[in-house]
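The values are calculated or read from the model by the stated rules, or taken from the named source; none is laboratory data. None of these values were measured; they are calculated from a predicted model. All Cβ positions, glycine included, derive from the backbone under ideal geometry; neighbour counts span all protein chains shown. When the accessible area is computed, the model is the full protein with side chains, heavy atoms only, and any ligands, DNA or RNA have been set aside. Shrake-Rupley method; radii C 1.70, N 1.55, O 1.52, S 1.80 Å.
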Amino acid sequence: MVKRAAMLSVSLFFSYSSSSHLLFLSKTLTKRTCFSSLSTMSINLNAHAFAGNPIRSKTPKAHDPLSPSSAFQSLKTHLLQNPETTSLPPPPMSPLFKVLPFRKGRPLASSSITGNNDDDVPIWHLGWISLPDCKNFLGKCGVDLTEDSLVYLGSKVEDDVVYWAVDVSGESRLVPELGDKQFCFVELRTLMVATDWSDSIAMGELAIAGHARALLEWHNLSRFCGHCGEKTIPKEAGRRKQCSNESCKKRIYPRVDPVVIMLVIDRENDRALLGRQSRFVPRMWSCLAGFIEPGESLEEAVRRETYEEAGIEVGEVVYHSSQPWPVGPSSIPCQLMVGFFAYAKSLEINVDKEELEDAQWHSREVVRKALAVAEYKKAQKTTAAKVDQMCKGVEKGRSLSADFNVESGELTPMFFPGPFAIAHHLISTWANQGVPTDGVEASSKQPSSSISNL
């Protein structure tokens, strides 16, 4: 195993002779090569969970019928049509409108099993309903569906479809109505774990749900202007809001909260610093993380958070990848996780108990073994079955941590967040550095660190 030599440690042990300078440069180049290989791997990681949304890759031009402005005008026309009070035929439904209802941050979902075998795993789907059906469901609850209650999500040109989201949290009577059709409002985190990360269609649906939840939660948080206190009104098909006060008219845009998440590595590149929070399930460890403060660079945030949480000083900071994270509390609608490798200048840990329950150095061998034995696929299948039961009206409780056992049934001494989290890929990229791929059998036990293969 080639070890990374830190520049600072080299400068402590070698004099300033010409030969020492050559050795210093050699070790520096070795370190840079290591950084480069990790960064090059991460450049191709473009399909983290909640990224790669298939309906918003490009925003259509304003004159395009699928654009937010054109679709919004068409939406208003359709909503104004009342078949009970007019004899006129409804306008042609082009483009087609599909609506995704949410209740208390939970998207509507359904589940199906495609095969006939007993071991076939259910697949969840977003519960899209047509605009007329959505209007009909809400009408039965005594609620008029208005254009301002719908939020534009995106479109698919090839299908001539525009997608919308609507928050129906206040309509409890919808739950049994939709339940009769085997739809269910499911926590986004549950859907995240239930998603087969090798299924690009399922990953795309998860990204759509994450984007929709982030927008709807932001709308709930921004009902009043932070400048004058007056009510806000949706604009641009719900993609922004504006103060209703004529003397204010402040524009308000969706909120994104950037968070740095880092795998801290020792000078020799042999150990990684992992932490535990009190809210974690038993035996789970993960990377350190923290919000960026105003006037702070990403690298500065990595160094500050590492020192505040674990008392470790960090030198070199190397970017890995980023991931939208819309499954935090409703007060933080969408975090953007920005991942880094951070190289420690000190080793003595001093845990801030208000931030972490514990933090420890773990060797590459121990981390690699934990990755190899943790049954992430089993957890995904179990959760997919749980979603299927929920949609059918039967839910069985189960501890998620029980699904990370080794095949013998013994408890895994430690495990990490699954492939749906950027923390997993930071950890696995480092742990498997220089390890050749063993083929299909190996990838089934330990998901590849290359997210493009998810």
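Accessible surface computed residue by residue for region 192-320, with neighbouring protein chains in place and a 1.4 Å probe, gives 45 Å² per residue. Each residue of region 235-246 was assigned a 3J(HN,Hα) from its phi angle through the Karplus expression (A = 6.51, B = -1.76, C = 1.60, θ = phi - 60°), giving 9, 6, 6, x, 7, 8, 10, 9, 5, 7, 6, 4 Hz with x at Gly and Pro. Take the alpha carbon gyration tensor of region 281-332, find the square roots of its eigenvalues, order them as a ≥ b ≥ c, and report rounded if a/c is under 1.5; if not, report prolate when a/b exceeds b/c, else oblate. Cα axes put region 281-332 in the oblate bin. If the limit is 31 Å between Cα atoms, which of K98/K231; K104/K378; K58/K241; K104/K249; K61/K377; K104/K386 go over it? Too far apart for the 31 Å limit: K61/K377.
Split the accessible area of region 218-328 by element, probe 1.4 Å, and carbon with sulfur accounts for 48%. Listed by chain and number, the aspartates and glutamates whose C-alpha is less than 14 Å from the C-alpha of K156, apart from same-chain residues fewer than 8 away, are D64, E205. Peptide packing: for 68-75, 326-333, 201-208, the average count of neighbouring Cβ atoms within 10 Å per residue gives the ranking 201-208, 68-75, 326-333, highest mean first.
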